[in-house]
Amino acid sequence: MAALQNSTLDAMKNKQNQLLGEWINGLEASGATRNLKDHDVRQQTGEFLQLVVSGLENDNGNNINAPGWESTRQFLEKLSHSRAMLGQDSQQTASFIFALKGPLFALLQAHYHDQPALLAEQLWEISELLDALGLHTIRTFQKSREAVIKRQQEELLELSTPVVKLWDGVLALPMIGTLDSQRTQVVMESLLQRIVDTGSEIAIIDITGVPTVDTLVAQHLLKTVTAIRLMGADCIISGVRPQIAQTIVHLGLDLQGVVTKANLADALKLALTRLGISLGKAV
């Protein structure tokens, strides 16, 4: 297998400033520096180039999984995470590595202009290394991006399941959108915790904003109702529209004695009655 020549390393070290300048210009031209500070770009390119040179000087080869490339891998993982947090896409992030190819190849072509066979050999070695580092960057970026998306989804779920205190001892949970397994879990955790915190006796789940109720949605509702009852509280489901009522009948769903009301006002009225509170119109 061909190996990187010391002459190649010498050329990279002697022309390091030139490489960095052309590399940064290429990054800016491709849009890979969007949303990035100029100082950060210069610091990151300089640090990465130094890591690559050091790795090659220590004869670590092109296997970036080798212990000698650990510092470089850690640098790229940190870089990928920061780019994901800034909202950059995978192409912009990968361009950080691949944009170095042009200036580096041009440098080697000038350096080995009278040695075409050696030039081809060295270009191949450098290309394989940068490709491997680029793929590692993309993989770590995707993992970081997936983690960001997952966290955002969890935050949105929490925001979309607000527990509202309607009265002393009465909580309401207005549901909007599709009710799936993940959201049901968030709903139960949020609602049960509020029941414990407030000592409420009745919880109203309002499904006015739920577009449709099928067997799966009904099962999720029943799980929530069961959990509420285990906490020693009663549950009322409001917002049961005629279309939803017909769907429940056609599907043969059994809500197992769950009290339902057409709207939130009726559910609140029933809840207050159960608490022994009567409201009258002001004279």
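Which of the residues spanning segment 180-221 are closer than 21 Å to residue 263 by Cα, open to solvent by less than 40 Å² (accessible area, probe 1.4 Å) and modelled with pLDDT of 90 or more?
Within segment 180-221, 200, 202, 203, 204, 205, 206 meet the criteria.
For segment 64-143, which fully contained helices (runs of 4 or more DSSP H) count at least 1 residues that are among the polar types (S, T, N, Q), open to solvent by 30 Å² or more (accessible area, probe 1.4 Å) and more than 19 Å from residue 6 (Cβ to Cβ)?
Answer list for segment 64-143: 70-85, 90-98.
Give just the number: which of (1) in a helix (DSSP H, G or I); (2) of a type outside the set (A, V, I, L, M); (3) modelled with pLDDT of 80 or more; (4) farther than 26 Å from residue 273 by Cα does residue 224 not satisfy?
Of (1) in a helix (DSSP H, G or I); (2) of a type outside the set (A, V, I, L, M); (3) modelled with pLDDT of 80 or more; (4) farther than 26 Å from residue 273 by Cα, only one is false for residue 224: (4).
State yes or no: is residue 49 open to solvent by less than 10 Å² (accessible area, probe 1.4 Å) and modelled with pLDDT of 90 or more?
Taking the combined requirement at face value, the residue satisfies it.
Answer with yes or no whether residue 66 is small (Gly, Ala, Ser) and over 30 Å from residue 114 (Cβ atoms).
Taking the combined requirement at face value, the residue satisfies it.
Out of all the residues in segment 173-221, which are under 22 Å from residue 242 (Cβ atoms), small (Gly, Ala, Ser) and outside any helix (DSSP H, G or I)?
177, 209
Which pairs do you get when a residue that is in contact (Cβ under 8 Å) with a residue 60 or more places away in the chain, found in segment 186-210, comes within reach of a residue that is outside any helix (DSSP H, G or I) and of a type in the set (Val, Ile, Thr), reach meaning Cβ atoms under 6 angstrom, with the pair 6+ apart or on two chains?
Note: pairs meeting the criteria are 202/170; 204/236.
Within segment 22-53, how many residues are assigned to a helix (DSSP H, G or I), touching a residue at least 40 places away in the same chain (Cβ under 8 Å) and not hydroxyl-bearing (Ser, Thr, Tyr)?
Adding up the residues that qualify gives 9.
Could you say whether any residue in segment 146-166 is surrounded by 14 or more Cβ atoms within 10 Å (Cβ to Cβ), over 30 Å from residue 78 (Cβ atoms) and at pLDDT 90 or above?
Among the residues of segment 146-166, at least one is surrounded by 14 or more Cβ atoms within 10 Å (Cβ to Cβ), over 30 Å from residue 78 (Cβ atoms) and at pLDDT 90 or above, which makes the answer yes.
If you scan segment 79-118, which residues turn out to be aromatic (Phe, Trp, Tyr) and closer than 17 Å to residue 28 by Cα?
96, 98
Which of the residues spanning segment 37-63 are among the hydroxyl-bearing types (Ser, Thr, Tyr) and more than 13 Å from residue 96 (Cβ to Cβ)?
Hit for segment 37-63 is 54, nothing else.
Taking the condition of being among the polar types (S, T, N, Q), touching a helix residue (DSSP H, G or I) at 6+ places or on another chain (Cβ under 8 Å) and either open to solvent by 60 Å² or more (accessible area, probe 1.4 Å) or part of a loop (DSSP other than H, G, I, E, B) (or both), how many residues in segment 227-258 meet it?
Result for segment 227-258: 1.
The values are calculated or read from the model by the stated rules, or taken from the named source; none is laboratory data. Everything quoted here is computed from the prediction, not taken from an experiment. Methodologically, a virtual Cβ is constructed for each residue, glycine included, from the backbone with ideal geometry; neighbour enumeration extends over all protein chains shown. Ligands, DNA and RNA are excluded from the accessible area calculation, which covers all protein heavy atoms including side chains. Shrake-Rupley method; radii C 1.70, N 1.55, O 1.52, S 1.80 Å.
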